[in-house]
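One structure below.
The values are calculated or read from the model by the stated rules, or taken from the named source; none is laboratory data. This is a predicted model, so every value here is computed, not measured. Positions of Cβ are backbone-derived with ideal geometry, glycine not excepted, and every protein chain shown enters the neighbour counts. These area figures cover heavy atoms from the full protein model, side chains too; ligands, DNA and RNA do not enter into them. Shrake-Rupley method; radii C 1.70, N 1.55, O 1.52, S 1.80 Å.
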Amino acid sequence: MSDLLKNIDARTKLAGTNKLEILLFTLGLDQRSGRRETFGINVFKVREVMRTPEITQAPDMPASVEGMVSLRGVLVPVIDLAKYAGVITESKPEIMVVSEYNGHTQGFLVEAVDTILRLDWSVMRVPPDMLTMQMGGLVTAVTELENNKLVMMLDVEKVLAETTQKSSTIDTAAVVVDASLHNKTVFFADDSLVARSQIEQTLDAMNVRHIHAINGKRAWEELLRIARSAEVQGKMVKDLVHLVLTDVEMPEMDGYMLTKQIKSDPRFVGIPVLMHSSLSGLSNQKLGQSVGVDGYVAKFEPHKLSESIINFLRRE
């Protein structure tokens with residue numbers, strides 16, 4: 001299984017091309033539906049795939065958290081994704097996908113891993129409302145393969161917020177506030193419902209106005225609409241939007257491509273772009289800089305996010 005990810009470093013070249021690679025996996029045959037669904041996770045966030053090691057039970061854990069394992073001397077929480085997603089299976093998962101989000105490492109138990117698939121973000125669609133309801137908001141994007149197989153991208157931020165972090169509500173006491181910025185407007189784009197809620201809570205605590213979109217494509221469409229409105233009013237777009245905050249991974253158009261669009265259009269001159277992502281590695285920050293990102297802040301620390309936003313709004 002280690003061979004599956006051996007070229008992961010080379011895959012960083014995909015950033016800025018609106019492409020991604022996802023690791024496909026299954027959680028088991030759901031006894032209720034009789035189907036074995038296929039899920040995906042961004043390869044950038046996968047450290048390794050391994051046989052499930054011995055898991056040590058821990059007290060006061062959510063039902064879907066099996067316990068802890070020791071990986072090279074570090075204790076890592078282990079989440080049974082089938083239990084979390086409500087998939088009723090007959091066998092125990094034998095594979096663990098080790099991932100890193102927001103600087104934290106965790107293991108996800110899955111039935112099996114399939115392959116790594118290279119796709120364009122443009123073929124990843126916003127999930128239909130019915131699927132969103134059925135999956136409890138667990139899926140952020142879907143795509144259909146040539147064999148009519150449906151692949152669903154998991155909202156890992158939601159999983160972590162409800163298992164290892166225990167709450168998606170931010171600590172407003174950690175938010176940095178500057179009362180002089182109450183008339184500023186931040187436009188943010190993120191495909192995760194949990195992340196959008198956390199950003200909104202932060203901006204509300206800062207008393208900063210905000211607009212949002214659920215992915216890069218819709219953000220770009222809304223920014224173009226704002227640009228047309230500014231032209232009618234005889235204003236600059238930077239008079240209406242003072243900062244763009246964007247996630248990296250989003251269906252239809254990712255944050256790298258959104259940034260390239262903004263930075264290549266003279267109507268948006270003077271508007272800084274701050275990248276806000278759980279892809280917190282140095283290589284990803286450099287890739288953001290290569291497409292014109294003005295700053296980078298890792299998810300999700302309300303103090304650092306609010307501090308970064310204030311620094312850019314003060315410069316503006």
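All of V194, V177 fail the test of being farther than 20 Å from Y256 by Cα, at pLDDT below 95 and in a loop (DSSP other than H, G, I, E, B), apart from V177. Put simply, of L203, L224 the only residue that is open to solvent by less than 60 Å² (accessible area, probe 1.4 Å), in contact (Cβ under 8 Å) with a residue 12 or more places away in the chain and more than 30 Å from G107 (Cβ to Cβ) is L203.
Does segment 277-289 contain at least one residue that is open to solvent by less than 30 Å² (accessible area, probe 1.4 Å), at pLDDT below 95 and in contact with a Ser or Thr (Cβ under 8 Å, 6 or more places away or on another chain)? The answer is yes, given that some residue of segment 277-289 is open to solvent by less than 30 Å² (accessible area, probe 1.4 Å), at pLDDT below 95 and in contact with a Ser or Thr (Cβ under 8 Å, 6 or more places away or on another chain). The selection criterion, being touching a helix residue (DSSP H, G or I) at 6+ places or on another chain (Cβ under 9 Å) and within 30 Å of H276 (Cβ to Cβ), does not hold for V74.
Could you look through segment 121-138, keep only residues that are under 19 Å from F44 (Cα atoms) and touching a Ser or Thr at 6+ places or on another chain (Cβ under 7 Å), and pick out the one that is least open to solvent (accessible area, probe 1.4 Å)? My answer is M124.
From the set of residues in segment 19-68 that are without any contact (Cβ under 8 Å) to a residue 40 or more places away in the chain and on the phi > 0 side of the Ramachandran plot, which is least open to solvent (accessible area, probe 1.4 Å)? Of everything passing the filter in segment 19-68, G67 is least open to solvent (accessible area, probe 1.4 Å). Restricting segment 290-299 to residues that are among the small types (G, A, S) and either assigned to a loop (DSSP other than H, G, I, E, B) or modelled with pLDDT under 75 (or both) leaves a set whose member that is most open to solvent (accessible area, probe 1.4 Å) is S290. From the list N183, N147, the lone residue that is over 19 Å from the mean Cα position of the chain (by Cα), exposed (fewer than 12 other Cβ atoms within 10 Å of the Cβ), assigned to a loop (DSSP other than H, G, I, E, B) and modelled with pLDDT of 85 or more is N183. Scanning segment 83-120 for residues that are of a type in the set (A, V, I, L, M), touching a strand residue (DSSP E or B) at 6+ places or on another chain (Cβ under 7 Å) and buried (at least 21 other Cβ atoms within 10 Å of the Cβ) yields M96, V97, L109, V110. Residue-level check: of (1) in contact with a Pro (Cβ under 8 Å, 6 or more places away or on another chain); (2) polar (S, T, N, Q); (3) buried (at least 21 other Cβ atoms within 10 Å of the Cβ), T164 misses just (3). Looking across P251, P302, one residue alone is open to solvent by 10 Å² or more (accessible area, probe 1.4 Å), closer than 22 Å to A161 by Cα and not small (G, A, S). It is P302. Tallying residues that are open to solvent by 10 Å² or more (accessible area, probe 1.4 Å), in contact (Cβ under 8 Å) with a residue 24 or more places away in the chain and either under 21 Å from L203 (Cα atoms) or assigned to a helix (DSSP H, G or I) (or both) within segment 232-246 yields 3. If T172 passes every condition in (1) of a type outside the set (G, A, S); (2) open to solvent by 40 Å² or more (accessible area, probe 1.4 Å); (3) closer than 14 Å to S306 by Cα; (4) modelled with pLDDT of 95 or more but one, which one does it miss? Here T172 clears every test but (4).
Here R218, R267, R314 are screened, and the one residue that is in a helix (DSSP H, G or I) and under 27 Å from R125 (Cβ atoms) is R218.
Scanning segment 254-267 for residues that are open to solvent by less than 10 Å² (accessible area, probe 1.4 Å), without any contact (Cβ under 8 Å) to a residue 60 or more places away in the chain and touching a helix residue (DSSP H, G or I) at 6+ places or on another chain (Cβ under 6 Å) yields a single hit, I262. The strands (runs of 3 or more DSSP E) found wholly in segment 1-101 and carrying at least 3 residues that are under 30 Å from N147 (Cβ atoms) and modelled with pLDDT of 80 or more occupy 19-26, 38-42, 46-51, 95-101.
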